[in-house]
Amino acid sequence: MIHEMTSFFASALLTGLLACSAVAAAPRPDCTDFNNNDRLSPHDRQWCQALAFKEKYLESGFVEAVPGDSGRAQGVRSHLGTRFSSGGSSSVSGSVSIDELTGRFRLKLARTDNTLYYGRKIQISGIARSGEGALQVYSHVDVDLWQLAAVFVDKPVRNQEPPEEGLILKGYLRTDVAPGAKQKFTAQLIAIGGDFYLLLAAPDGVARDISLTIDAP
């Protein structure tokens, strides 16, 4: 009896491991015209949608980490208005000027002592300009593309892990600002407790005469 039970559990364990291996080894579907391909299962159509989102993120300059050393900003002047909302979107608007930026720097744009608003998502849009030296503006990214894709397909597959690694993106989208040029940008601020930061970098080491104009929502 004990031998039979041991054999049963061993067989069940082996079957489970083989099933897991089969799932892990499942090939990517053919995503050609996936929205109009009735041969795809709902699972594979959602997979294709997640891959399409990933491609767009990569084309938009997604990076997992910001290169360069921690730096500093000198001569920072700001005129900002902040609104925190418990029922809607929180926002920051106004203007910031920086005389000189070296390396990689987190610029604080907002702060609150109200723990209710800690960690809130704040997205800003505006125009960045660098008078001398290239400038990079980074938008914080933390997104599950598999779950995001579920919102956009007719028959979403929920409560399942992503079918492959790399569909959960954590990093940054980069906007490049050429010296002497103006560039539109959109950025998700980095929330650390009640402080909210915009990540900037001078890829050539130094950027000067920087201005940021942040639109009102």
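Nothing in this text is a laboratory measurement; each read-out follows from the coordinates by a stated rule. Predicted model only: the values in this text are computed from it and were never measured. Cβ sites come from the backbone with ideal geometry, for glycine too, and all protein chains shown count toward neighbours.
Output the peptides 66-78, 103-115 sorted from most to least packed, where packing is the average of other Cβ atoms within 10 Å over each peptide's residues.
Numbers: 66-78: 13.3, 103-115: 16.2.
Ranking the peptides 66-78, 103-115 by packing returns 103-115, 66-78.
Karplus-derived 3J(HN,Hα) values for the stretch 65-77, using 6.51 cos²θ - 1.76 cosθ + 1.60 with θ = phi - 60°, are 9, 8, x, x, 8, 4, x, 7, 10, 10, x, 8, 10 Hz; glycine and proline are entered as x. Computed from point charges on the beta carbon alone (+1 for Lys and Arg, -1 for Asp and Glu), the dipole magnitude for the chain about its Cα centre is near 780 Debye. The phi-based Karplus calculation (6.51 cos²θ - 1.76 cosθ + 1.60; θ = phi - 60°) puts the 3J(HN,Hα) values of the stretch 141-155 at 10, 8, 9, 9, 5, 5, 6, 5, 4, 4, 6, 10, 10, 5, 10 Hz, whole numbers, x for Gly and Pro.
Database remark: amide H of E100 closer than 5 angstrom to the amide H of Q74, D209 (H placed geometrically; neighbours at sequence offset of 5 or more, or on other chains; Pro and chain starts carry no H).
At q = 0.18, 0.31 Å⁻¹, work out log10 I(q)/I(0) for the stretch 174-217 with the Debye formula, treating every Cα as an identical point scatterer and leaving solvent out; two decimals please. For the stretch 174-217, the Cα-only Debye profile gives -0.68, -1.36. Considering the chain, its Cα convex hull presents a mean projected area of 18.2 nm². Annotation: extensible slack from T213 through D69 equals 49.3 nm (criterion: 0.36 nm per residue apart, minus Cα-Cα distance).
Among I190, I214, a tally of other beta-carbon atoms within 10 Å of each Cβ gives an order, fewest to most, of I190, I214. Using only Cα atoms, find the angle between the long axis of helix 2-24 and the longest principal axis of the chain, and express it within 0 to 90 degrees, rounded to the nearest 10. Tilt relative to the chain: about 40 degrees. The fraction of Cα-Cα pairs per 10 angstrom bin, counted from 0 for the stretch 43-95, comes to 16, 19, 32, 25, 7, 1 percent, rounded to whole percents. Couplings 3J(HN,Hα) of the stretch 108-115, computed from phi: 6, 10, 7, 8, 9, 9, 7, 4 Hz, in residue order, whole Hz [Karplus 6.51 cos²θ - 1.76 cosθ + 1.60, θ = phi - 60°; x for Gly and Pro]. Per residue, the convex hull around the alpha carbon atoms of the stretch 17-135 comes to 246 Å³.
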